Amino acid sequence: MPNESVNASAAVPLSFTCPVPLGRPQEIQLAHGGGGRLTQDLIDRVFIPAFRNSALGTRHDGALLSPPPGVALAFTTDGHVVSPLFFRGGDIGALAVHGTANDLAMCGARPRWLSVGFVLEEGLPMATLERVVALMAAAARSAGIEVVTGDTKVVERGKGDGLYITTSGIGLVESPTVVAPASVRAGDVILLSGDIGRHGMAILAEREGLAFESPIESDSALLWPAVEALLKGGIEVRCLRDLTRGGLATAVIEIAEAAGLAAHLDESAIPVSEPVRGACEILGLDPAYVANEGRFVAIVPAADAGRALELIERYAPGGPPARIGEFRASPCGQTTIRSQIGVERILDRLSGEQLPRIC
């Protein structure tokens, strides 16, 4: 082949540029996730002041924790993608603390330490992030929880819906017995800490711009004080479960299946506020399946039920509590509910997503 020459003047020169933002940006930029100056500025400006503690102050890749000798630890992790970020009665920051802390409490453990991962979307206003972090820090302080380590990632504009939060938590087990479905026995009773359905309906109303006659607020709250009262009060707590996605019905179904027992609920005993009941009737939803973020069921021996109700009423949010059912030996793994007119039916899991993005 003949030799070919290249016309240098026709070549398009390659140019690699990396613009450096000046000053302090008022929105999240991709560079905030790049590990450079803006990443450090974000840590120093937002996270360290809000969550300040000795473990976080070491600025290391992880936190060194010192649990008391001989104390068992509970560990859990949770993701939070709620939309909108702020809603009547709560926000994604406090929700992230409550959700993970409550999972630990359901294991009979005092929540102590959190790890937090933020996925931020390019263009998120810095003021929004600062507000979320401040509310999250306030919720953690009020619960006696330290945020000891974390991580931040940034995704392109349009890929992250503002921000997502992932939290992992460690708690100190204070229950003298194993709090789990395997501990449930036939004859145990089911206690509900308060009225149900507030969180899911509050999120739906905020997201869709629904205006009910009586505004509905989320029940997002910390549950450890009530659990601690039960444990210190000498109640033999068999099992605990917070009523998040899938609501009361799904929580009881899960316990019954895991315990190999039959659960029986009395619909007339289940407290539902009039605003939530009315909203569910309008929208064709069953309150028993609507999510909560500050309610739980406690499974205890029948002999402990009266005292347990007194303690829950005193320390749990959203009271008064109620005795709503019991566990029976058979049929194995089945959950039934008796309606207000006396008709009994089987409860099953939802086959789809009733209310997406509620936590």
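Computed values, structure above
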read-out: Strands (runs of 3 or more DSSP E) completely within segment 140-243 that count 3 or more residues being farther than 30 Å from Pro125 by Cα; value: 163-173, 189-192, 239-242
read-out: Every pair of residues 6+ apart whose Cβ atoms lie under 6 Å, when the first sits in segment 89-105 and is farther than 16 Å from Ala74 by Cα while the second is charged (D, E, K, R); value: Gly89/Glu217
read-out: Scope segment 113-125; condition outside any strand (DSSP E or B) and touching a His at 6+ places or on another chain (Cβ under 9 Å); matching residues; value: Glu122
read-out: Any hit, segment 287-300, residues being surrounded by fewer than 16 Cβ atoms within 10 Å (Cβ to Cβ) and in contact (Cβ under 8 Å) with a residue 24 or more places away in the chain; value: no
read-out: Residue within segment 24-35 that is buried (at least 18 other Cβ atoms within 10 Å of the Cβ), over 20 Å from Thr152 (Cα atoms), in contact with a Leu (Cβ under 6 Å, 6 or more places away or on another chain) and not aromatic (Phe, Trp, Tyr) present; value: no
read-out: Some residue of segment 259-281 being under 20 Å from Pro317 (Cβ atoms), in a helix (DSSP H, G or I) and touching a strand residue (DSSP E or B) at 6+ places or on another chain (Cβ under 6 Å); value: yes
read-out: Test set (1) within 28 Å of Ile346 (Cβ to Cβ); (2) crowded, with 18+ Cβ neighbours inside 10 Å; (3) among the small types (Gly, Ala, Ser) - Gly260 fails condition number; value: (2)
read-out: Those residues of segment 185-197 which are within 24 Å of Pro287 (Cβ to Cβ) and either in contact with a helix residue (DSSP H, G or I) (Cβ under 6 Å, 6 or more places away or on another chain) or among the aliphatic types (A, V, I, L, M) (or both), in sequence order; value: Val189, Ile190, Leu191, Leu192, Ser193, Ile196, Gly197
read-out: Verdict on Gly325 being part of a loop (DSSP other than H, G, I, E, B) and either within 23 Å of Pro181 (Cα to Cα) or assigned by TED's automatic domain parsing to the domain that holds Leu204 (or both); value: no
read-out: Sole exception among (1) buried (at least 24 other Cβ atoms within 10 Å of the Cβ); (2) at pLDDT below 95 for Ser83, by number; value: (1)
read-out: Of residues in segment 324-344 being among the aliphatic types (A, V, I, L, M) and surrounded by 11 or more Cβ atoms within 10 Å (Cβ to Cβ), the one farthest from the chain's Cα centre (by Cα); value: Ala329
read-out: From Leu95, Leu56, residue being outside the structural domain of Ser220 (by TED's automatic domain parsing), closer than 17 Å to Ala138 by Cβ, at pLDDT below 95 and buried (at least 19 other Cβ atoms within 10 Å of the Cβ); value: Leu56
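Listed here are the residues, each with its yes/no results for (1) of a type in the set (Val, Ile, Thr); (2) within 30 Å of Glu281 (Cβ to Cβ).
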{"site": "Val147", "(1), (2)": "yes, no"}
{"site": "Asp151", "(1), (2)": "no, no"}
{"site": "Pro176", "(1), (2)": "no, no"}
{"site": "Leu210", "(1), (2)": "no, yes"}
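The values are calculated or read from the model by the stated rules, or taken from the named source; none is laboratory data. Quick caveat: nothing in here was measured; it's all calculated off a predicted structure. Note that we place each Cβ from the backbone using ideal geometry, even for glycine, and neighbour counts take in every protein chain shown.
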